[in-house]
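Asks: Pasting a structure below so you can have a look.
Quick note: the coordinates plus some simple rules give every number you see, no bench work behind them. All figures in this text were calculated on a predicted structure; none of them were measured in a lab. When we count neighbours, we look across all protein chains shown, and the Cβ atoms used for this are built from the backbone with ideal geometry, even at glycine.
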Amino acid sequence: MSIYLHFRAVAESEIVDDHTWLAAFMSEAWEDSGAECAAGIAHSINKSWEAVNDLFSAAGAFHADAEESWNLPIYGGRPVPHRADADPSDPPLMLLEPAGVSQAARFLTTVSFDELWNVFGARSDDLGWDRQEYLEHHRGLKEFYGQAASAGHAVVKAVWA
């Protein structure tokens, strides 16, 4: 079974801060995710997003403002609560506002993947982590957040199973 963390950049003015609306918006975005990823307005990570978050957490060992920013790319934002009458199958959602998107983009631009890997890779040697896979996740998120921040967008995150 595949499980994905799906990211979608969107203008804050276009967002209805309601779980049912955002779930429908993200569902439509997921159906078009190939085209949206190619356009740079969406990104997704299959299964390994927690390990990518662990990679970013390694920044605390060498990055001055990492305490405030390393967790933004994956888990940053606020949960969007379900309404009482919401479909229980709707995905968990997070909303990262434009200021957080800009902070995540700055972090991904300033942090060195090699430095992250030097700390994270040493911790994960026994787990068989694939350096290239994590480099691709870092690059993809760096590009995605950079474009979202440049446009002044928020990022909605959904977990799909």
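Asks: State the extension gain, in nm to one decimal, for the chain segment bounded by Asp17 and Ala35, taking 0.36 nm per residue of separation less the distance between their alpha-carbons.
Replies: Values: separation 18, 0.36 × 18 = 6.48 nm, distance 2.48 nm.
Roughly 4.0 nm would be gained on extension.
Asks: I want the local charge near His82. Using Cβ-Cβ distances under 11 Å, sum +1 for each Lys or Arg and -1 for each Asp or Glu among the other residues. Kindly include the intermediate steps, with their values, before the conclusion.
Replies: Details: positive: Arg83; negative: Asp18, Asp85, Asp87, Asp90.
Spelling it out: positives minus negatives among the neighbours equals -3.
Asks: Residue by residue through region 7-20, which ³J(HN,Hα) values in whole Hz follow from phi under the Karplus form 6.51 cos²θ - 1.76 cosθ + 1.60 (θ = phi - 60°), with glycine and proline marked x?
Replies: Residue by residue, region 7-20 yields 10, 9, 7, 7, 4, 4, 5, 8, 8, 9, 7, 8, 4, 4 Hz.
Asks: Want the number for Glu133 to Ala24: 0.36 nm per residue separation, take away the alpha-carbon distance, what's left? Show your work: numbers first, answer last.
Replies: Details: separation 109, 0.36 × 109 = 39.24 nm, distance 3.03 nm.
The Glu133-Ala24 span can extend by a further 36.2 nm.
Asks: Another question, then. Could you work out the relative contact order of region 1-153, using alpha carbon pairs under 8 angstrom and six or more residues apart, expressed as a whole percent?
Replies: Working: 180 pairs, mean separation 46.3, N = 153.
About 30 percent, as a whole number.
Asks: Using only alpha carbon positions, build the gyration tensor of region 8-161, then give the equivalent ellipsoid semi-axes as the square roots of 5 times its eigenvalues, largest first, whole angstrom.
Replies: 27, 17, 15
Asks: Arranged by the count of other C-beta atoms within 10 angstrom, fewest first, what order do Asp54, Asp17 take?
Replies: The most exposed by this proxy come first: Asp17, Asp54.
Asks: For region 99-107, just list the computed ³J(HN,Hα) in residue order, Karplus coefficients 6.51, -1.76 and 1.60, θ = phi - 60°, integers in Hz, with x standing in for Gly and Pro.
Replies: After applying 6.51 cos²θ - 1.76 cosθ + 1.60, I find 4, x, 4, 5, 5, 5, 4, 4, 4 Hz.
Asks: Next question. Roughly what angle does helix 113-124 make with the longest principal axis of the chain, taking Cα atoms, 0 to 90 degrees, to the nearest 10?
Replies: So the inclination is approximately 80 degrees.
Asks: With θ set to phi - 60° and the Karplus curve 6.51 cos²θ - 1.76 cosθ + 1.60, what are the ³J(HN,Hα) couplings of region 29-36 in order, to the nearest whole Hz, using x for Gly and Pro?
Replies: Going residue by residue, I get 5, 5, 4, 9, 4, x, 5, 5 Hz, with x marking Gly and Pro.
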